[in-house]
Amino acid sequence: MAKTQISKVNTPTIYKTTKNAVKTFTTDFAVEPLIIHCTTTASVIVGSLVEFTTTGTLPAPLVINKLYSVITLSGTTDFEVSLDGVTSITLTSNGTGTQTFESYTTKIELKNFIMTKDEPEEKGFYYESVINGHTEWNEKGMHYVMELQLNLHKETTYATRLAYFKSLAALLYANVYFYRYIDAISAQLFRDASSDAVLFTMYKFELSYETQSEYKDILKIGFRSKDYVDLSKTL
């Protein structure tokens, strides 16, 4: 399988998997086919991740337990969602029952970085074939791996550098969603071939230094998909 190639990645953002409080919403697809209307303050921002639930059926084509990205926000209650970060979901029904959503807005932007790895990682094992005696490769699946080198010394003050470091250190071995800007065109949540959000785990957190041994200013972090990822189409 060919590797998925990305020409440029700008200011990726990671989202913690902690959800905000459940909110109720309504829709009126005949009048406003793009609008999700929260009955109270939505507590989302552009870039927030939202997940919809219902006591009946969701407004079509929304799907339960699928993460969507907020791409526009009007006032404090109305917003539009997308799967690809560009195209708003057009509603074709209002659904039934009580409509609710939960959002993820706790995010950390990865600033001043160099992307050192951004590719699928093949997993499997070699074995000797009982048929012909040749060594064969058994492919078990593909994880996706992203590694970055962050330049902490580019933060303006020691206080901001320390706060940035602590916010990232708290995510070691935590599960996160990875939201990135591709080709400076659109912000996209990392999804698999079925448009489902891919859950990542931060497995690498290493400090080093650039010029002085007592001044640790280079941070290397790595993320691996928690499960195998279907990469049968371009992400």
Length gained, ASN20-ASP196, 0.36 nm per residue minus C-alpha separation, equals 61.4 nm
Going residue by residue through segment 17-30, the Karplus relation 6.51 cos²θ - 1.76 cosθ + 1.60 with θ = phi - 60° gives ³J(HN,Hα) values, rounded to whole Hz and with x marking Gly or Pro, of 8, 6, 8, 7, 4, 5, 10, 9, 8, 10, 9, 9, 4, 5
Taking placed amide H atoms and a strict 5 Å upper bound, the residues 5 or more places from GLU121 or on another chain that come that close are HIS143, TYR144, VAL145
Rounded to the nearest 0.05, FRET efficiency between SER43 and ASP227 (Cβ-Cβ, R0 30 Å) equals 0.55
Of the listed pairs LYS23/LYS220; LYS154/LYS204; LYS23/LYS154; LYS23/LYS123; LYS23/LYS204; LYS23/LYS117, those with alpha carbons more than 30 Å apart are LYS23/LYS220; LYS23/LYS154; LYS23/LYS123; LYS23/LYS204; LYS23/LYS117
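A short reminder: the numbers here are calculations on the coordinates, not readings from a lab. Note that the structure is a prediction, hence the values are computed from the model and not measured. Positions of Cβ are generated from backbone atoms using ideal geometry, with glycine treated the same way; all protein chains shown enter the neighbour counts.
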